[in-house]
Amino acid sequence: MQFTSEQLLDDGVVERAFTLGEVPGILWTPGSVSEPAPLILIGHPGGLDKMYPRLAGRARQAAAEGYASATIELPWSGDRPKSAEAEQARADLRRAIGAGEPVTDEIVDRLIHPLVEQAVPEWRATLDALLALPEIGGPVGFSGGVISIGVRLAVVEPRISAAVLFAGSYVPRSTFEEARQVTIPLHVLLQWDDEGNDRQMALDLFDAFGSKEKTLHANMGGHTGVPAFAGEEANRFFARHLR
């Protein structure tokens, strides 16, 4: 991990950009801590520059509770090399949604399977590097999407103790099988009127999770209409499981 910039935000949070191989990312740490901080991995749908205001806002909320946060750019997003196959799958997905047609499993598989297969090892390598820093301790939580990435991480990464998952994307049928293997505490956020999400699929996925502790937090509104208090609920969830 190589840090490429550092700035002190107005609330005392330290923000550092980094690269891990070809993967860019950002680490936020509380300005003053007396011991290594628990870590929250912040997931998102790709495009660090575009997503930055929301990601930084979530990280600063977490820092106020004493957590460090980190995020990385997804494969084929931002300035990372593009994938013609992924671009075509995204175009097919947008066309189907725009035409009011069913989104087929074939489209979802072409878009999500390669993404999960590449992104999850990158997240795990990032976690290795972050936990080697003296200011980062544990335990570790995951917060955000893409939900199929979060599900895979919850299954294969034993260092993740709890997860807040955003139900805002289509998922392959194979993710349902993986969901049954998830046992960590879960807090799932669902925007009830999300124009780009299959609500019934999200409800079915929640039902499939094998966790004994799982909560579904549904709000009215579209994809970007998540209310501010949803973040407060997520912080309370992490306070129960990362402290």
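Any read-out appearing in this document is the output of simple, stated calculations on the displayed coordinates, not a laboratory observation. As the structure is a prediction and not an experimental result, all values here were calculated from the model. Virtual Cβ from ideal backbone geometry, glycine too; neighbours counted across all protein chains shown.
Tabulated data for the structure shown
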| read-out | value |
| --- | --- |
| Anchor residue 50: lysines whose Cα lies under 24 Å away (excluding residues fewer than 8 positions away in-chain) | 82 |
| Relative contact order of the chain, defined on C-alpha pairs under 8 angstrom at six or more residues apart (%) | 16 |
| Low-density loop cleavage sites - trypsin sites (Lys or Arg not before Pro) in the stretch 67-106, where at most 13 other Cβ are within 10 Å (DSSP) | 82 |
| Rg over Rh, two decimals, the chain (C-alpha only, Kirkwood Rh) | 0.95 |
| Of the DSSP H helices in the chain, those whose Cα atoms cover at least 15 Å axially and whose Kyte score averages -1.0 or more | 48-64, 84-98, 105-131, 228-241 |
| The stretch 20-87: mean projected area of Cα convex hull, nm² | 5.1 |
| The stretch 121-187: Rg to Rh, with Rh as the Kirkwood radius over Cα pairs | 0.98 |
| The chain - mean residue ellipticity at 222 nm from DSSP helices (-39,500 (n - 2.57) per run, n ≥ 4, rounded to 500) | -13500 deg cm²/dmol |
| Sum of side-chain charges, residue 185 neighbourhood, beta-carbon under 11 Å (Lys, Arg +1; Asp, Glu -1) | +2 |
| Filtered GluC sites (Glu not before Pro), the stretch 189-243: DSSP coil and at most 14 other beta carbons within 10 Å | 195, 213 |
| Over the stretch 71-160: Rg over Rh, Cα atoms, Kirkwood Rh | 1.06 |
| Dipole moment magnitude, nearest 20 debye, the chain about Cα centre, only Lys, Arg, Asp, Glu C-beta charged | 360 |
| Mean Cα-pair separation over length for the stretch 143-182, i.e. relative contact order, pairs under 8 Å, 6 or more apart, % | 52 |
| Whole-angstrom gap from the stretch 173-243 to the stretch 32-49, using each part's C-alpha centre | 19 |
